[in-house]
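Trainee: Below you will find the structure I want to go over with you.
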Amino acid sequence: MPTFETTDGTTIHYKDLGDGPAVLLVHAWSLSADMWEYQIDALTRAGFRVVAPDRRGHGRSEASRGEYDLTTLADDLHQLLERLDLRDVRVVAHSMGTCETVRMLARHGTGRIARVALLGAMTPYFVGAVGTDAVEAVIDDLRRDRPGWFRAGADAYFARQGSGAWVSQELVDDGVRTILATPLEVQIACVRGYALADLAGELATLDVPVLMFHGTADVSAPIDLTARPTAKLVPHAELVELPDAGHGIYVTDRDAVHARLLPFLAGPADPR
């Protein structure tokens with residue numbers, strides 16, 4: 001797995017697979033690039049080059065001593081695009097990854113970006129929708145019993161009473177193992193980094209096509225607080241609502257997502 005060093009000396013690991021138009025995959029909070037295994041398979045078979053980094057402090061990437069604010073994480077993504085000199089990039093992001101993607105585009109522009117897909121978006125302003133106490137309660141739960149908190153939420157995450165009814169316990173356990181490998185201090189810093197960021201103004205500046213996917217039964221990012229207001233703010237956004245789906249749509253609803261995502265990503269390299 002190749003690596004690069006950020007400007008603050010943090011070593012970032014990333015996957016680089018396939019040939020063709022480049023797709024940058026930005027993973028969710030506490031997970032790693034491995035969460036994209038189904039998308040990597042579909043994208044490389046469809047003729048795309050996939051670049052999927054592990055966020056600093058996640059997966060195989062180094063845990064930095066610096067900040068985990070959105071600006072730092074967005075700069076990490078931009079530095080990777082520059083290091084590989086990727087252009088006409090398609091970006092696919094999930095959950096927290098949607099926040100750092102929006103910050104990257106607003107901060108560095110869309111000169112290298114062709115189009116963007118946001119899955120389970122946490123934008124535009126999570127703490128503004130749920131309140132500071134709700135965010136701090138999550139942090140308190142993590143400090144008290146991380147394994148118990150993640151396992152208790154897994155069924156809702158994968159909508160096992162809805163579109164994820166087929167999901168095996170083994171699949172759930174695999175995700176929880178990955179999550180628990182992310183250090184507690186990194187998880188807390190990242191929660192504060194994305195949940196406290198107001199991205200409404202930045203969303204309104206996006207000048208590339210944006211395709212959104214969101215489950216109507218998403219408990220982690222309730223659609224009325226996240227995806228629907230986000231779609232209204234982005235000038236060129238289309239929102240695909242997935243009935244009875246939760247937050248883990250990259251697994252549970254991957255066939256429906258891929259059916260819309262792959263043609264979207266194959267669209268014109270410079271739609272502007």
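Trainee: Just to check your reading of the model, which residue among T230, T205, T216 is of a type in the set (V, I, T) and farther than 26 Å from R55 by Cα? Spell out the reasoning first.
Mentor: Working: T230 fails: farther than 26 Å from R55 by Cα; T205 fails: farther than 26 Å from R55 by Cα.
It is T216.
Trainee: Taking the stretch 170-213 as the search range and keeping residues that are surrounded by fewer than 20 Cβ atoms within 10 Å (Cβ to Cβ) and among the hydroxyl-bearing types (S, T, Y), which one is farthest from A106 (Cα to Cα)?
Mentor: Ranking the qualifying residues of the stretch 170-213, first place goes to T178.
Trainee: Just to be sure I understand, how many residues within the stretch 113-136 are loosely packed, with under 12 Cβ neighbours inside 10 Å, of a type outside the set (S, T, N, Q) and on the phi < 0 side of the Ramachandran plot?
Mentor: 1
Trainee: What about L105, is it crowded, with 23+ Cβ neighbours inside 10 Å, at pLDDT 95 or above and within 13 Å of the chain's Cα centre (by Cα)? Can you show your working first?
Mentor: On the way: crowded, with 23+ Cβ neighbours inside 10 Å: yes; at pLDDT 95 or above: yes; within 13 Å of the chain's Cα centre (by Cα): no.
No: the conditions fail for L105.
Trainee: Scanning the stretch 2-47 for residues that are hydrophobic (A, V, I, L, M, F, W, C) and farther than 24 Å from T178 by Cβ, which turns out surrounded by the fewest Cβ atoms within 10 Å (Cβ to Cβ)?
Mentor: Filtering the stretch 2-47 for residues that are hydrophobic (A, V, I, L, M, F, W, C) and farther than 24 Å from T178 by Cβ, the one surrounded by the fewest Cβ atoms within 10 Å (Cβ to Cβ) comes out as A46.
Trainee: From (1) in contact with a Phe, Trp or Tyr (Cβ under 8 Å, 6 or more places away or on another chain); (2) not in a helix (DSSP H, G or I), pick out the condition that doesn't hold for A121.
Mentor: Tallying (1) in contact with a Phe, Trp or Tyr (Cβ under 8 Å, 6 or more places away or on another chain); (2) not in a helix (DSSP H, G or I), A121 fails exactly one: (1).
Trainee: Could I ask something else about it? Has the stretch 61-68 got at least one residue that is under 22 Å from A197 (Cα atoms) and surrounded by 24 or more Cβ atoms within 10 Å (Cβ to Cβ)?
Mentor: Initially, the stretch 61-68 is screened for residues under 22 Å from A197 (Cα atoms), giving 63-68.
Filter once more, keeping what is surrounded by 24 or more Cβ atoms within 10 Å (Cβ to Cβ): none.
Looking through the stretch 61-68, none of the residues is under 22 Å from A197 (Cα atoms) and surrounded by 24 or more Cβ atoms within 10 Å (Cβ to Cβ).
Trainee: I'm trying to understand the selection: among the residues of the stretch 233-246, which are on the phi < 0 side of the Ramachandran plot and either among the hydrophobic types (A, V, I, L, M, F, W, C) or out of contact with any Leu (no Cβ under 9 Å at 6 or more places or on another chain) (or both)?
Mentor: Hits for the stretch 233-246 are L233, V234, A237, L239, V240, E241, L242, P243, A245, G246.
The values are calculated or read from the model by the stated rules, or taken from the named source; none is laboratory data. As the structure is a computational prediction, the values presented were derived from the model and not from experiment. Virtual Cβ from ideal backbone geometry, glycine too; neighbours counted across all protein chains shown.
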